Amino acid sequence: MLTRRISPSYLILGLLIVIVVIFNVTILSSSNDSSNPHQNTYSKSSGATYYTGGKSSMKAHIDKVDSEEYLAAILKELEETKKEEILQDYKLQVTKKEKPLIIQGLKTEMRMKYLNDIKQALKDEIREESTAEFYKQNALSYELFQSLVNQYTQRHEIEVRPAAFLNVLKDQLKTFPPTFQQDVNKAISAYFDRKKYFRYLLKDILLDNKPACEPFTAEEKGSRLNPTYQWDARVISEKYLRESNLKMGTDKFVCLQTAHDKVVNLLKTLGTPPTQFIDGHGIVINGGGGMIVNALIAITNLRDRGSTLPVELILDTPAEYDKQICDELLPKRLNGRCIVVSDAIGKDIFDMIDEKFSRKILGLLVSSFDHTIAIDADNFPIADVDNLLYTEPYISTKMVLWPDLWVKLTSPLFYRIARLEKGEVTGRFGIGNDVKFADYLKGDPFTEVHFHDFEGLPSPISVETGQMVFSKREHMRSLLLALYYNINSKAWYEDLIYQGAYGEGDRETIVPALHVMNERYHLMNQKIHRLGYIAENGKDTDTTLGQTDPRDNPQFYSDWKTFLRSKELDTRLNPFQSGEYTTRLMEQFMTYKQKLLEDKKIEDEETAHRLIEYKLPNILFLHCNHPKIDPIKNSAEGEFGTYSRRNMGSVAKVKPILKKDWELRFHSVAKWVVCEAITSPDYWANVAKVDQKTVCYKISKYIKFLQLDTFGPDAEFKGLKTDLPLGGGEAAQVAQVENIKAAQEQEAKQDGVAEKVGDGKVAVGAGAGAGAGAGAAEPQQQAPAADAAKAAKAADDTSEKMAQDQIDAIAKQQEAELAAAEAVQKQQPDAEIGAGKGALAGGGAGGDGKDIMGAVAKPEAVEAAKAAVNNIP
């Protein structure tokens, strides 16, 4: 313990003293007094005086060593030589002893000085954490919503009672006179103010809650990141996403998050949209902003593909409303109508929402349909799309989306603002199919894992919104939130969501909104076909995206996962990932599925005759976005413009993919629209501002150019076979037609054979009785329902039949068809019954009467079916 208390410097000092004493004693003891009687002295001017001599002087020497002067001299000498070392040692002692006291004193001083600020900062931190936790706990709960509904109902019982009465009364209208029904409908229209409803959604929720802070500066936006294709295995980590250097101060972050929270909370309290405002099934195409001709071409193509769903053409302002198009062409020939957005929501609100893609979503919102197929005006289905609304994956999700070419580059800051938290790593988009997922999990989550592979965040697949299928009653909240992002896109959200990814506008705002509102949707990896021509500089120029049929996805992915399990592979492997490994894997999959079909015996046929190549999902949409199928714009181009080449690519390149010359088909549809359908002088003079004859001449010349190397059956469009019987899309009429069509679809089976009416040609269906996808033959143009309508119209060519009379004729036809089927059943064996039905499904005229299983009907059965159809009044 004693040695611990003595510092090293004192030990050294003591040791030196002892050495000096011993040295002097040794000298004194070695002196010879007898031989040296005289005393000798040695003096050092700067130190002590040493005496040597006889014994008589020893005591004097010892006394001298013990004297205070001697010790002081020694200490002084040591102090001069060891001064720095001693001071450093002393400093260390003081520091060790006094530093904690000094720090504690400073802490006490700072605490007293900044105590209030510390308390406030702590309160803010706790409040933010508590708010986030409360938000997380209540994000999936609608108890608050139900409570607010009950409170509102109690407080507004007087206002709610008439609405409830009108709804009950509307269901009982069939027992009242027609005039009373009209009066009630007027009362309902007056009471349920559609414009007021949308003004509340748009102004009170979205516009009044825009962030109250300055837009991002150029410095805050940072730099643009390098995008990549979504089929490439590349790690887009959180570190990489932050390298854009997009940044904002705490005040701006809080501003954006507070505004976002308020909008989300208001949207979560919304009830389901009233059926008085949104109901039924239909197709919506946006034709505003100079896209009317494009939209009419798209609508005509839909009718050419067999679609019968009503269509709503969305226009921006009354100035775009043309009477011949909206009052004659659409309702009487194309079963459509025009909706003007500014009239539906009010001009003042419309002017506040001036961004192009915001108005696109706005058009979808104000359309009247609930179950909606939304198609861009430059997007063309090559098969009937109607039963997208009646099949998987729509039935399970009520929202079907298609992938785009690019991967997401959304900033992590956006997810913090939206309060979307990442969980564990569940995806594998950041690694190749040949890499083990266990090895992926070992990587650094910040630098070596794809940011969107974390659970709780959207997948890396970006969205191409040229086509969407959704229910507005189920997804109204998400669509409104996506509109909010687009309204505030230029100031903030474009940089937060895209960060340099190609594309713009609405395409990347839908999925984040769905996640924030916790709503289901379908978005899968699908093969995207890129079509285009080779430019003069030798570079490929993409003009068209081919999107596949989602109705094929459930079966395809079921087959794919079964195959992967058979090879003990991860069922999350991407079948469309680039790379040699995936190419070989896909080849093995195709062979695997081919063998399954080969091993399956059908009746007594030889197995080899049933060997069928496995088909991947068919192409359903061709999105011709650059250049568009726009005869007005294209005809104004010069010698080397759109009309100087095949824009989808050479025949040798396109034919194996599409099987039919759809480029010729679409442009011949465009010719019909501009040369025959649009007859309004006002449109050509004031909207198009071009000479109609010039446009017709140039597109006709281009069609002749395409005909030089055309391919596929009946590629050129010759005009609609017949006008659709419905006008305006009345709900009762649409429901009746849908019921008839649903019955026909149930009767038709996959890979069925249906005969065309009157011409004896056979159309092979690729699913649900329609040609679904590339390579399918021309779908039937006239179903029995259309036949009956045509017969009813021909019976009285001096006047137009009322829509209800036509529906009655359709109903009579169905009864006659059922009677014919019963008659056939009594006369023929079971194998021949299918043939009779096949003849009816094909129109009842011509052909050999084959049913979907390949059985051949006897002539008597076919004649009986024909007779039944011919007897329809």
> Taking segment 387-407, which residues are closer than 22 Å to ARG477 by Cβ and touching a residue at least 40 places away in the same chain (Cβ under 8 Å)?
Replying inline: LEU389, PRO393, TYR394, SER396, THR397, LYS398, MET399, VAL400, LEU401, TRP402
> For segment 194-207, does any single residue satisfy the condition of being in contact with a Ser or Thr (Cβ under 9 Å, 6 or more places away or on another chain) and either modelled with pLDDT under 75 or hydroxyl-bearing (Ser, Thr, Tyr) (or both)?
Replying inline: no
> In segment 550-558, is there at least one residue being exposed (fewer than 13 other Cβ atoms within 10 Å of the Cβ) and among the charged types (D, E, K, R)?
Replying inline: no
>> Anything in segment 280-299 that is part of a loop (DSSP other than H, G, I, E, B) and either polar (S, T, N, Q) or at positive phi (or both)? List them, or say none.
In response: GLY280, GLY289, GLY290
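Pick out the one residue from ILE74, ILE86, ILE118 that is surrounded by 11 or more Cβ atoms within 10 Å (Cβ to Cβ), touching a Lys or Arg at 6+ places or on another chain (Cβ under 8 Å) and modelled with pLDDT of 65 or more.
That would be ILE118, the only listed residue that is surrounded by 11 or more Cβ atoms within 10 Å (Cβ to Cβ), touching a Lys or Arg at 6+ places or on another chain (Cβ under 8 Å) and modelled with pLDDT of 65 or more.
Determine, yes or no, whether ARG359 is of a type in the set (Lys, Arg) and on the phi < 0 side of the Ramachandran plot.
Values: of a type in the set (Lys, Arg): yes; on the phi < 0 side of the Ramachandran plot: yes.
The answer is yes for ARG359.
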> Among all residue pairs at least 6 apart or on different chains, which show Cβ distances below 6 Å where the first residue, located in segment 146-158, is within 14 Å of THR269 (Cα to Cα) and touching a residue at least 12 places away in the same chain (Cβ under 8 Å) and the second is hydroxyl-bearing (Ser, Thr, Tyr) and not in a helix (DSSP H, G or I)?
Replying inline: LEU148/THR269
> What number of residues within segment 288-306 satisfy the criterion of being surrounded by fewer than 24 Cβ atoms within 10 Å (Cβ to Cβ) and closer than 15 Å to GLY466 by Cβ?
Replying inline: 1
> Does at least one position in segment 528-540 carry a residue that is in a loop (DSSP other than H, G, I, E, B) and either touching an Asp or Glu at 6+ places or on another chain (Cβ under 6 Å) or in contact (Cβ under 8 Å) with a residue 40 or more places away in the chain (or both)?
Replying inline: yes
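Does ARG520 count as in contact with a strand residue (DSSP E or B) (Cβ under 8 Å, 6 or more places away or on another chain), buried (at least 23 other Cβ atoms within 10 Å of the Cβ) and charged (D, E, K, R)?
Numbers: in contact with a strand residue (DSSP E or B) (Cβ under 8 Å, 6 or more places away or on another chain): yes; buried (at least 23 other Cβ atoms within 10 Å of the Cβ): no; charged (D, E, K, R): yes.
Judged against the criteria, ARG520 is not a match.
Of all helices (runs of 4 or more DSSP H) completely enclosed by segment 195-275, which ones contain at least 2 residues that are assigned by TED's automatic domain parsing to the domain that holds LEU483 and over 23 Å from the mean Cα position of the chain (by Cα)?
Values: elements: 218-221, 238-242, 250-268.
Qualifying helices (runs of 4 or more DSSP H): 218-221, 250-268.
Answer yes or no as to whether TYR493 is hydroxyl-bearing (Ser, Thr, Tyr), surrounded by fewer than 20 Cβ atoms within 10 Å (Cβ to Cβ) and within 30 Å of ASP542 (Cβ to Cβ). Please lay out each step first, then the result.
Values: hydroxyl-bearing (Ser, Thr, Tyr): yes; surrounded by fewer than 20 Cβ atoms within 10 Å (Cβ to Cβ): no; within 30 Å of ASP542 (Cβ to Cβ): yes.
For TYR493, the condition - hydroxyl-bearing (Ser, Thr, Tyr), surrounded by fewer than 20 Cβ atoms within 10 Å (Cβ to Cβ) and within 30 Å of ASP542 (Cβ to Cβ) - is not met.
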>> Could you check segment 307-345 and list, in sequence order, the residues that are of a type in the set (Asp, Glu), in a helix (DSSP H, G or I) and buried (at least 20 other Cβ atoms within 10 Å of the Cβ)?
In response: GLU320
>> Which condition from (1) at pLDDT 95 or above; (2) surrounded by fewer than 12 Cβ atoms within 10 Å (Cβ to Cβ) is the one that ASP604 breaks?
In response: (1)
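Okay, residues lined up against (1) within 12 Å of the chain's Cα centre (by Cα); (2) assigned by TED's automatic domain parsing to the domain that holds ALA383; (3) part of a loop (DSSP other than H, G, I, E, B):
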residue: ASP439; (1), (2), (3): no, no, no
residue: GLY456; (1), (2), (3): no, no, yes
residue: LEU479; (1), (2), (3): yes, no, no
residue: ASN486; (1), (2), (3): no, no, no
residue: ASP495; (1), (2), (3): no, no, no
residue: GLY503; (1), (2), (3): no, no, yes
residue: VAL511; (1), (2), (3): yes, no, no
residue: LEU514; (1), (2), (3): yes, no, no
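Residues checked against (1) aromatic (Phe, Trp, Tyr); (2) at negative phi; (3) exposed (fewer than 15 other Cβ atoms within 10 Å of the Cβ); (4) part of a helix (DSSP H, G or I):
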| site | (1), (2), (3), (4) |
| --- | --- |
| GLU613 | no, yes, yes, no |
| LEU616 | no, yes, no, no |
| HIS623 | no, yes, no, no |
| PRO627 | no, yes, no, no |
| ASN647 | no, yes, no, no |
| ALA652 | no, yes, yes, yes |
| LYS660 | no, yes, no, no |
| PHE666 | yes, yes, no, yes |
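The values are calculated or read from the model by the stated rules, or taken from the named source; none is laboratory data. Keep in mind it's a predicted model, so treat the numbers as computed, not measured. Using ideal geometry, Cβ is built from the backbone for each residue, glycine included, and neighbour counts are taken over all protein chains shown.
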